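Encoded as structure tokens, the structure appears first; notes follow it.
Read-outs throughout are calculated quantities, based only on the coordinates presented, and are distinct from any laboratory measurement. These numbers were taken from a predicted model, which means no experiment stands behind them. Using ideal geometry, Cβ is built from the backbone for each residue, glycine included, and neighbour counts are taken over all protein chains shown.
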Number of protein chains: 2
Amino acid sequence: MPHIAREIDRFQEFLKLQGLKLTNERTALVREIFSTHYHFEADELLFKMKEKSVKISRATIYRTLELLVKSGMVRRVHLGEDHYHYEHVSGNAHHDHLVCTTCGGVVEFNDPDLETRALQICEKKKFTPTFHNLQILGVCDSCRRKGQTPEAPDRVQMIASRPKQLRK
Amino acid sequence: MPHIAREIDRFQEFLKLQGLKLTNERTALVREIFSTHYHFEADELLFKMKEKSVKISRATIYRTLELLVKSGMVRRVHLGEDHYHYEHVSGNAHHDHLVCTTCGGVVEFNDPDLETRALQICEKKKFTPTFHNLQILGVCDSCRRKGQTPEAPDRVQMIASRPKQLRK
DNA sequence: TCGTTAATTGAGACAGAGTCTCAGTATCTC
DNA sequence: GAGATACTGAGACTCTGTCTCAATTAACGA
């Protein structure tokens with residue numbers, strides 16, 4: 001997979017600039033993240049690696065994710081749950097999320113008009129923005145067809161989440 | 001304070017509809033939330049009550065907040081930290097947040113154009129929205145004047161947070 | 001290729017936010 | 001006022017995430 005090799009190179013370059021090292025663990029994680037996952041949780045990554053019998057500790061997972069975020073290759077986002085989700089950044093295009101509170105599905109969108117408007121608001125408030133994060137919670141088309149009706153606005157606080165894997 | 005009495009009534013009405021009871025603890029929490037705080041954390045509330053020598057357990061705090069969220073009187077929001085913040089809903093006007101990553105300050109804004117655009121996006125994606133949550137992270141005017149420069153976009157992940165109170 | 005040095009790793013302790021259980025207590029309704 | 005039922009507090013527990021420290025490994029130069 002040439003595409004993944006490129007990501008690994010990109011990461012290595014970043015590491016070198018910081019005087020840091022590319023290890024087997026870091027390589028394996030970049031490979032995993034950029035090959036299959038899109039939105040994922042740290043714990044999920046830990047589980048996947050265990051499944052593949054690649055031994056990587058929780059501490060290393062979190063440390064590597066932090067580096068990937070710093071390098072700009074991975075983004076840390078809130079999707080309405082009480083912990084972080086991560087997503088890899090391939091096209092570099094900023095985007096936001098529609099999160100279905102019924103099935104937990106996530107749809108991305110990028111809307112230049114919305115971005116522009118957000119910048120105008122910042123300007124008006126003399127605020128220097130660096131990052132923004134918009135989640136719209138609701139019910140996706142296919143869940144709605146299945147008869148799911150949305151909760152009253154402002155009361156939706158939980159989204160459907162996958163069953164937890166065992167920790168150890 | 002007639003205004004707070006009204007909020008308590010509102011909550012009681014909600015509780016009655018659900019076959020639930022208004023207790024001293026719940027009343028005290030509504031009073032606290034609607035009298036002084038605006039954005040607050042569960043733990044902060046716990047601490048304030050302790051300070052006032054009103055004995056309320058953590059479990060009750062969380063249980064009551066959940067009810068208040070269900071009733072629509074309180075909203076649960078992410079402000080860029082890894083745990084929830086709450087805010088009471090008085091005017092019922094939806095708003096979003098500018099969060100300063102330097103001082104931790106929060107500025108609210110409500111922008112009809114932005115809301116409209118968000119709805120249009122949902123329509124296009126056949127998504128039925130119920131709630132949305134937009135945080136713009138960056139540096140506020142007064143911090144910028146003090147010479148704080150923003151981090152590179154997409155790499156800002158932490159915001160300044162107040163020192164933690166002791167748990168117990 | 002080898003040795004040195006400094007970064008990295010894993011195990012497990014720790015911390016913070018939030019949930020759950022259960023026995024004792026308070027509220028609401030009649 | 002009594003009974004039924006919901007509520008509370010204490011503390012155990014879970015989950016996410018961080019930290020420490022001894023042992024390991026990558027990277028660089030000779």
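The protection proxy used here, the mean number of other Cβ atoms lying within 10 Å of each residue, ranks peptides A:77-83, B:133-139 as follows, highest first: B:133-139, A:77-83. In the assembly of identical copies, residue A:6 has its label point, taken 7 Å from Cα in the direction of the beta carbon, separated from the corresponding points by 6.0 nm (ascending, one decimal). A crude spin-label estimate for the pair residue B:126 and residue A:36, with each label 7 Å from Cα along the Cβ direction, gives 2.9 nm. Centre-to-centre, using Cα atoms only, segment B:48-105 and segment B:1-38 are separated by 15 Å. Label 7 Å along Cα→Cβ of residue B:84; segment B:19-38 residues with amide nitrogen under 13 Å? In segment B:19-38, the label zone of residue B:84 (backbone N under 13 Å from the point 7 Å along Cα→Cβ) covers no residue. Between residue B:43 and residue A:18, the distance separating the two model label sites (each 7 Å from Cα on the Cα→Cβ line) works out to 2.5 nm.
Each other copy holds its own label point for residue B:17; taking that point as 7 Å from Cα along Cα to Cβ, the gaps run 5.4 nm, nearest first.
Taking the Cβ of residue A:142 as the centre, find all other residues whose Cβ is under 15 Å away and add up their charges (Lys, Arg: +1; Asp, Glu: -1). Charge balance in the 15 Å sphere: +4.
Around the amide H of residue B:130, modelled in the peptide plane, lie the amide H atoms of A:137, A:138, A:139, all under 5 Å away and 5 or more residues distant in sequence or on another chain.
For residue A:31, the distances from its label point to the matching points in the remaining copies are 6.3 nm, ordered from shortest, with each point set 7 Å beyond Cα toward Cβ.
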